[in-house]
Amino acid sequence: MDFSFTDEQVVLRDMVVKFARNELNYDIAEYEISGAFPVEPWRKCAGMQFMGVPFPEKYGGGGSDFLTTVIVLNALGYACKDAGLVHAIATQVLCGMQILMFGSEEQKQKYLPDVCSGEKIFAQAITEPDSGSDALSMRTRATRNDDGYLLNGNKMFITNGPIADVVIVFAVTDPDKNTLGGISCCLVERGFSGFEQCRSIRKMGLATLQNGELVFNNCPVPLHNLLGREGQGGMIFNESMEWERSFLPAAHLGTMERVLEISIAYARERKAFGQSIGKFQSVANKIAEMKIRLELGRLICWKAATLKDQNKRATLESSIGKLFISESLKQACLDAVQIHGGYGFTTEYPVERDLRDSVAATIYSGTSEMQYNIISRWLGL
Amino acid sequence: MKINEFIMNFIMTELLAGQSSGPLTDADPLIDSGIIDSFGIMALMSFLEEKFSIQISGDELRPENFDSVKTISSLVAKKTGLILDA
């Protein structure tokens, strides 16, 4: 068992941190007011090849392993205070991985260079107005015709959806079959007739992340835009969730590390009753708890990523990691606000935004409740 | 133990543990009957990959490959080179 990163990974992480501190230090509060997507920071990240890290070089990627990709996202989560941008980048990478794993060679050649360069923005559409955690009970239909499929239905809260150029859409192709065999995936491009991208929905956190409703009204999808085979959507969904839950928590760990450092600095500096507040156990214990959760979170996150690099399944590890790290982040942010007292409750201090952002982490990519379900099923319960 | 017996044993003891179910044959549908759901398929694949030292990915991740003990056994036999009845 080797818990250390390679020299190259350490250098890469330092480089990402330095870049993010210098180039991604924009005023997020302005974006929170406008609700706009940070286009220029996205382009800067694209220029640094952050979206292409795990993809083969022949598609414009960096050809790195998954753990290295996780390390890059972790560094972004740490040094970039805009969790919305970090999540948008992660979504782009995850969409690319679906295309890499299940796409035809033609699809890989067509779409992956755009994933890597960030020239086009990608999204995946699973959630619907009436199906969230029970994702496979979706109603969006892809009806076969002579030319391909006709797509009808609505998708909701789709990350990158309002600004996406390409959307991986999950839809029912055979309602008579069990969900594992009745769902398929297709690639829908901006400009397809009958495809409408609604405005971004305002949220309590992750303000720069664009989430919105997608409407498909007799939207024709060519047969060659089917991702994988017909009926493979349920299996693609399962695979995608495992990668996603092995990936997104890395960003949360980065944020936790930043929140921990901010909390330590404040607890040392702030005085009360003649001493630093960090000398009071009730404050120190909160910070010690952050450190414990950060270290334990790293172990499960790196383990899941390493398993994926070994071409092994990480269903259990990714669920444990997703649950533990997202809940730990939320608790750490809540504690950080408490440690900062009245200042922590103001928008002048960044921890209140971190707290608002953190809530989403326990909801997207399968709620904490769903992760408990998966873990308990894995235990034969 | 034959390939299908390993698989049958896993399904009966892990996926159907604690559930009252009748006898299962190699040809019985597993997905459409609900014996294998979206969680069960992941547990089954983990078992197969570990037990038989194989990797199931890409185009092999199709529901029809996991539709019965028979089709699962065929997939394992194809990937391992093992003989089905051995």
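Each reported figure results from applying straightforward, stated rules to the coordinates on display, with no laboratory input. The model shown is predicted, which means the values in this text are computed figures rather than measured ones. No Cβ is skipped: glycine too gets one built from the backbone with ideal geometry, and neighbour counts run over all protein chains shown.
The count of lysine pairs in the range A:234-378 whose Cα atoms are under 13 Å apart, excluding pairs fewer than 8 places apart on the same chain, comes to 5.
Look at A:S137, A:S184 and count the other Cβ atoms within 10 Å of each Cβ; fewest to most, that gives A:S137, A:S184. Binning all Cα-Cα separations of the range A:282-328 at 10 Å, short to long from zero, yields these whole-percent fractions: 28, 43, 20, 8, 1. Could you estimate the translational diffusion coefficient of the range A:46-196 from the Stokes-Einstein equation, with Rh from the Kirkwood formula over C-alpha pairs, at 20 °C and 1.002 mPa s, in whole µm²/s? In µm²/s, the coefficient rounds to 131. Label separation (B:K2 vs A:S282): 7.0 nm, computed from points 7 Å beyond Cα along the C-beta direction.
If you average 1/r over every pair of different alpha-carbon atoms in the range A:58-102 and take one over that average, what Kirkwood value in Å do you get? Working shown, then result.
Working: mean 1/r = 0.0878 Å⁻¹.
About 11.4 Å for the range A:58-102.
Here each label is just a point 7 Å from Cα along the line to Cβ, and for A:R139 and A:S376 those points are 2.9 nm apart. What is chain A's relative contact order, in percent, from Cα pairs under 8 angstrom and six or more apart in sequence? Reported as a whole number, the value is 15 percent.
For A:E196 and A:D27, what is the calculated FRET efficiency with R₀ set at 22 Å and r taken between the beta-carbons, to the nearest 0.05?
After rounding to 0.05, the efficiency reads 0.10.
The order of A:L151, A:L334, going from fewest to most other C-beta atoms within 10 Å of their C-beta, is A:L334, A:L151.
Calculate, for B:D59 and B:S33, the FRET efficiency according to 1/(1 + (r/R0)^6) with r their C-beta to C-beta distance and R0 22 Å; round to the nearest 0.05.
Values: r = 24 Å, r/R0 = 1.11.
Efficiency computed from Cβ-Cβ geometry: 0.35.
From the C-alpha gyration tensor of the range A:123-231, pull out the three semi-axes of the equivalent ellipsoid (sqrt of 5λ each), sorted largest to smallest, in whole Å.
Numbers: eigenvalues 105, 52, 22 Å².
So the equivalent ellipsoid measures 23, 16, 10 Å along its semi-axes.
Each part reduced to its alpha carbon centroid, the range A:299-326 and the range A:219-297 end up 13 Å apart. Please list, by residue number, everything in the range A:158-177 whose backbone N is under 15 Å from a paramagnetic label point 7 Å out along Cα→Cβ of A:S131. Of the residues in the range A:158-177, A:169-177 have backbone N under 15 Å from the label point off A:S131.
Count the net charge of all other residues whose Cβ sits under 12 Å from the Cβ of A:F55, scoring Lys and Arg as +1 and Asp and Glu as -1. Residues near A:F55 contribute -1 overall. With contacts taken as Cα pairs under 8 Å at a separation of at least 6 residues, the range A:123-231 carries a relative contact order of 32 percent. Counting beta carbons within 10 Å around each of A:Y59, A:Y78, A:Y343 and listing the fewest first gives the order A:Y343, A:Y59, A:Y78. Per residue, the Cα convex hull of chain A amounts to 141 Å³.
The alpha carbon radius of gyration of the range A:234-378, expressed as a multiple of 2.2 N^0.38 Å, is 1.16.
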